Structures are given as structure tokens and as C-alpha cells.
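Right, one structure below, let's go through it.
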Amino acid sequence: MSTILITGGTGMVGTRLTEILIEEGHEVIILSRNPLSANLLPKGVTHAKWDLDKKWIDPQAFALADHIVHLAGAGVADKRWDKKRKEEILNSRSESGKLIVQTMQSVPNKIKSVISASGIGWYGADTSSTPSTGFTETAPADAQFLGETCRIWEQNIQGVSEFGARLVVFRIGIVLSNTGGAFVEFKKPIKLGFAAILGNGKQHISWVHIDDLCGMFIKAMEDQTMHGVYNAVAPEIVTNKKLTIELAKSMKGRFFIPIHVPAFLLRLVLGEMSIEILKSTKVNSYKIQSTGFHYRYPTLSEAIHQLIHPL
């Protein structure tokens with residue numbers, strides 16, 4: 001079994017990925033600013049310290065790792081975007097990537113692969129020239145804030161390849177999970193009986209169930225033929241309206257009222273972040289499918305059913 005070093009390991013994806021890795025018998029080291037005492041952690045999990053400001057990672061933890069999963073980054077949708085927040089979103093991704101590369105250069109290690117998160121914000125919004133099957137990994141980065149953030153995010157982790165590690169980057173879609181992220185927000189008004197369709201509801205959403213996303217990270221560690229960029233999305237692309245109504249039916253049956261939340265209201269409340277909520281982005285999953293990856297939840301109905309009615 002392997003030892004996996006995870007940045008951002010206490011977040012939504014990192015927590016679930018850690019659970020799955022431990023179930024499979026791996027050892028996990030989570031990098032944290034304030035490591036917990038060993039007796040407070042599950043068996044097979046340890047915490048080690050890192051400090052982005054001081055540009056330092058515990059060298060012993062780094063030396064033990066067989067693989068790195070790089071998830072660190074301030075939440076894009078956690079707060080309203082002002083200048084300070086946008087700097088935090090960008091710097092948390094760009095500086096952590098630089099630090100991993102610098103540490104690989106300075107600390108003797110046996111790291112076989114680095115699996116890094118990125119986002120489908122790379123692509124920006126659909127245009128008339130977007131293929132009907134969605135953006136592929138070869139499309140250029142969008143010039144807006146999230147596109148530029150993803151470009152720098154990916155650029156700053158590239159250097160690990162110079163030190164013998166195989167690099168895989170996943171551009172992650174909207175993650176469906178009961179423990180955080182957009183899915184939890186979608187559920188809130190439905191619990192009150194309202195299916196809140198955002199804007200006109202026609203915007204396309206490229207999504208992925210959290211367990212399939214974790215499965216992609218694990219496959220990337222194990223499959224030595226994988227390298228480069230992959231879109232981490234489900235094969236089925238849906239509209240905001242379809243996702244909202246299907247979720248409402250699963251939660252409430254027929255007992256809900258569909259309502260449209262006007263775009264101008266979202267812009268007023270959320271500011272610049274509303275652009276991301278209202279834009280349509282179709283993203284192609286063919287490349288990850290070509291690796292032989294098996295989705296547990298390839299369709300929205302399967303994903304929602306598992307999340308709302310787990311066994």
C-alpha cells in the first residue's frame with residue numbers, strides 16, 4: 001500500500017478521499033497549518049505541518065510520500081468576490097503549487113505522481129463555437145478571473161515533472177456532495193418547498209459525484225499511463241433547471257413550487273461571482289472515459305438518488 005500526502009485534506013473532497021484511501025489500506029498524511037494530536041486522528045491518518053507564508057513543508061512527511069494529491073485552495077464560492085478575496089483565491093493555489101515544486105527540488109523523496117486539482121473555470125462560458133459535446137482539454141484558458149486563476153494554478157505545479165514525478169491535473173466540475181459545495185446550497189430552498197431555478201435555468205452544468213471524483217484521483221495514482229490534463233466531469237451534461245427540478249422531485253415528490261430567481265437579483269446579491277452561477281459551460285468527459293475509468297454515477301438521476309436516498 002502507498003502513502004499519500006494531501007494538501008487541502010480537511011476540505012470536502014479531501015475528507016472523502018481520505019476516507020476511501022484508508023478503507024483501501026493506504027496511509028494518508030494531511031498537510032495542515034495546525035496539525036491535530038495523533039490520538040485525535042483515525043487509524044492510518046497523520047497530520048503534518050506546512051506554512052505557505054514561510055514557504056515550508058515538513059520534510060519528513062514529504063520524504064515519506066509515494067503520491068501527492070494537491071487540493072489546497074480557498075473556496076471560490078465561500079465569500080463575495082472583492083479584490084482581497086480574489087487575491088486569496090489566486091494566491092492560495094499559485095503559491096501552494098510553487099511550494100510543492102520547491103520542496104521536491106530540495107527534499108530527497110520517492111514521489112511517483114502528483115495529482116493536482118484545477119477547475120472547469122478554465123474554459124469560461126459556452127460560445128457559438130463551443131462543440132456540441134463540450135470543451136475538450138486542448139481548449140485555451142478563458143481570459144476572465146477564474147480562467148486566469150486556473151491557468152496560473154496549473155502552470156505553477158508543472159515543475160514537478162522536472163523532478164521525476166508523473167503529473168495529472170483534473171479540471172473539476174461542480175461536485176455533488178452532501179457535505180458541502182453547490183449541492184448543499186441547491187437543497188436549502190427545496191427543504192422549504194421551493195425549487196429555485198437560477199436565472200432562466202438554461203445554463204449548462206458540468207458536474208461530478210464526489211465518489212466518482214475521488215475514484216478519478218485514485219485511478220490517476222495507480223494508472224501509470226495517465227498524465228496531463230483531464231476533465232473531471234460526468235458524461236451527462238444537464239441544465240440548471242433540470243438539476244433543480246430533478247433534485248426537488250427526489251426530495252419532495254410533487255410537493256414543491258418551481259420559482260425562477262432573476263439574474264439581476266443574483267448580480268445584486270453576489271456581485272461578480274454571479275457570472276459563474278449564471279454562465280453555461282459544457283465540458284467533455286471523453287478523455288477520462290478513454291482511460292477505462294468506470295463511473296459509479298454517470299447520470300444525474302443516479303447521482304441524486306444516491307445522495308438523497310443512500311443505502
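Quick check: convex hull over the Cα atoms of region 177-311, volume per residue in Å³, rounded to an integer?
116
Viscosity 0.890 mPa s, temperature 25 °C: Stokes-Einstein D of region 1-133 from its Kirkwood Cα radius, in µm² per second?
My calculation gives 152 µm²/s for D.
Note down the magnitude of the dipole of region 128-272 about its Cα centre, charges +1 on Lys and Arg C-beta and -1 on Asp and Glu C-beta and zero elsewhere, to the nearest 20 debye.
Here region 128-272 has a charge dipole of around 900 debye.
So for region 257-308, considering every pair of alpha-carbon atoms, how many percent are separated by more than 14 Å?
Pairs farther apart than 14 Å: 71 percent.
Between beta-carbons, use under 13 Å as the cut-off and find the net charge around residue 132, counting Lys and Arg +1, Asp and Glu -1.
After counting each charged neighbour, the total is 0.
Ignoring everything except DSSP H segments at least 4 long, calculate the 222 nm mean residue ellipticity for the chain; use -39,500 (n - 2.57) per segment, divide by total residues, nearest 500.
Helix-only estimate at 222 nm: -11500 deg cm²/dmol.
How much of the DSSP bridge set in the chain is antiparallel, in percent, rounded to the nearest 5?
10
Considering the values (i) 41; (ii) 30; (iii) 24, which represents percent of Cα pairs over 31 Å apart as calculated for the structure under consideration?
(ii)
Too long at a 20 Å Cα-Cα cut-off: which of 86/282; 55/83; 191/242?
Check vs 20 Å cut-off fails for 86/282; 55/83.
Sorted from fewest to most neighbouring beta carbons within 10 Å, what does the list 127, 244, 179, 46 look like?
Fewest-to-most Cβ neighbours within 10 Å comes out as 127, 179, 46, 244.
What shape does region 95-224 have by the C-alpha gyration tensor, where a ≥ b ≥ c are the square roots of the eigenvalues, rounded means a/c under 1.5, and otherwise prolate means a/b greater than b/c and oblate the rest?
Verdict is prolate for region 95-224.
Please report, to two decimal places, log10 I(q)/I(0) for region 52-118 at q = 0.24, 0.25, 0.26 Å⁻¹ as given by the Debye formula with identical point scatterers on the Cα atoms and no solvent.
Calculated log10 I(q)/I(0) at the listed q: -1.04, -1.10, -1.15.
Assuming R0 = 41 Å, what is the FRET efficiency of residue 106 and residue 185, from their Cβ-Cβ distance, to the nearest 0.05?
Step by step, r from the Cβ atoms, then E = 0.50.
Grab the Cα-Cα distance for residue 95 and residue 148, subtract it from 0.36 nm times how many residues apart they are, and report the gain in nm with one decimal.
Here the segment from residue 95 to residue 148 would lengthen by 17.6 nm.
Where a number appears in this text, it was derived from the coordinates with a stated rule and is not lab data. Remember, it's a predicted structure, so these values are computed and weren't measured experimentally. A quick note on method: Cβ atoms are made from the backbone with ideal geometry, for glycine too, and the neighbour counts reach across all protein chains shown.
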